[in-house]
Amino acid sequence: MIDVVLYIHILAATAWIGGALLLFLLGVFIKDIEAQQQTYEHLGPFYGYFESFWLTILLITGGTMFYHFNLIDVLTLDVNESRLGYMMSHKLFYVGTITFLTIIHMSIALKTHKKERSKLQKIISRGSSLMIFFLNLGILWFAMQLRYILS
């Protein structure tokens with residue numbers, strides 16, 4: 001049963017990180033500002049709900065595996081004494097940060113869809129998006145290390 005949960009978790013991670021990578025690359029390679037704005041205007045709402053769905057699946061399946069492998073015990077010990085504790089605590093910190101940044105990013109996106117964003121909203125929205133992207137790469141690294149330790 002836990003193999004099915006892991007499979008769904010990896011599928012969700014693929015959708016989550018793949019989507020973030022796609023939008024990041026669109027922002028880098030579409031140089032025409034108007035084309036970029038139109039792309040994000042049309043793709044943005046779908047992408048937001050798509051990513052929210054997969055983030056929810058990641059949190060559910062991750063929590064299920066966390067419970068299944070009884071990893072709470074690892075976190076109650078000195079996390080620096082255990083490679084597993086170190087990796088798990090860092091992954092959980094990144095997941096919490098990404099979840100928080102996603103809520104901020106989505107609230108700005110939904111509030112300003114088809115509207116002009118203020119300079120502060122642009123900075124926060126783009127900054128949170130960029131941080132989410134790079135934290136995803138960190139989570140992927142920790143996930144690989146955790147899978148190696150747990151297998």
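Inside the stretch 79-133, can you point out the residues that are of a type in the set (S, T, N, Q), assigned to a helix (DSSP H, G or I) and under 29 Å from Leu43 (Cα atoms)?
Thr97, Thr99, Thr102, Ser107, Thr112, Gln121, Ser125, Ser128, Ser129
Could you grab me the full set of residues in the stretch 43-86 that are without any contact (Cβ under 8 Å) to a residue 60 or more places away in the chain, surrounded by 15 or more Cβ atoms within 10 Å (Cβ to Cβ) and among the aromatic types (Phe, Trp, Tyr)?
Passing the criteria: Tyr47, Trp54, Phe66, Tyr86.
For the stretch 87-110, give me each residue that is crowded, with 16+ Cβ neighbours inside 10 Å, under 24 Å from Gly48 (Cβ atoms) and of a type in the set (Gly, Ala, Ser).
Hit for the stretch 87-110 is Ala109, nothing else.
Taken together, the values in this text are just the output of simple stated rules run on the coordinates, not laboratory data. Treat the numbers as computed from the prediction; the structure is a model and nothing was measured. When we count neighbours, we look across all protein chains shown, and the Cβ atoms used for this are built from the backbone with ideal geometry, even at glycine.
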